[in-house]
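The values are calculated or read from the model by the stated rules, or taken from the named source; none is laboratory data. The shown structure was predicted, so the numbers you read here are calculated from the model rather than taken from an experiment. Counting neighbours? That spans all protein chains shown, and the Cβs are built from the backbone with ideal geometry, glycine included. Heavy atoms of the whole protein, side chains included, go into the accessibility calculation; ligands, DNA and RNA do not. Shrake-Rupley method; radii C 1.70, N 1.55, O 1.52, S 1.80 Å.
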Amino acid sequence: MIASISGEVLSVGSQNLIVVVGGVGLQINVPLLLLKKAVVGEKIFLYTSLIVREDSLTLYGFEDPQENEFFMLFLGVNGVGPRTALAAVSTLSIDLIRRAVLSEEADLFSRIPGVGKKGAQKILLHLQGKIEATSPLEVVTRMDVDMEILDALTGLGYSVVEAQAALQSIPRDAPENVEDRLRIALSYFAR
């Protein structure tokens, strides 16, 4: 199993990066936010999962070990393949996934491209008991505020993926009120 990779970004594609490790270029599928941040020529470190199929070996890479862990949890859901699992981690933050499971909000999973109501319910049932709160009060409060911001950004016409990228750009030490966090999230699009 290839657990992590450290190398230089050779190219950035529409769904993957090519990272040179010891003179070998490895194609690694990564979340959309990481694709947007990756710069050719820069060093990168990724936590990876190798998916072995009858006709292929495919690497999936993540900046955060929790993203990799959640990716693998999604793969355990009957009917969810690597593309959908990657879309889940690309579309929803770790905090939103945790919130959806803890508050039993299956409709959050239906925001993942290719997942309908039945699939969202299946995902929720599979993840229950496998995901725990880090600090319940803090997580729930921030997630409620972030859900309002996500709804506001999608209401303004941004896609869920774009809105999620803006949410993830908000620093951890940012104020907890909706107005300030929304202002910071909107500044992400001004870059």
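Computed values, structure above
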read-out: Residue in segment 91-103 that is open to solvent by less than 40 Å² (accessible area, probe 1.4 Å), at pLDDT 85 or above and polar (S, T, N, Q) present; value: yes
read-out: Filter result (exposed (fewer than 14 other Cβ atoms within 10 Å of the Cβ) and under 14 Å from D144 (Cβ atoms)) within segment 167-183; value: E176, N177
read-out: Pick from segment 52-71, criterion more than 18 Å from the chain's Cα centre (by Cα) and of a type in the set (A, V, I, L, M, F, W, C), ranking: most open to solvent (accessible area, probe 1.4 Å); value: L57
read-out: Hey, K122 open to solvent by 50 Å² or more (accessible area, probe 1.4 Å), of a type in the set (D, E, K, R), assigned to a loop (DSSP other than H, G, I, E, B) and touching a residue at least 40 places away in the same chain (Cβ under 8 Å) or not; value: no
read-out: Flag if V24 is farther than 27 Å from Y158 by Cα, without any contact (Cβ under 8 Å) to a residue 40 or more places away in the chain and open to solvent by 50 Å² or more (accessible area, probe 1.4 Å); value: yes
read-out: Residue match in segment 99-108 (condition: over 28 Å from Q128 (Cα atoms) and not hydrophobic (A, V, I, L, M, F, W, C)); value: no
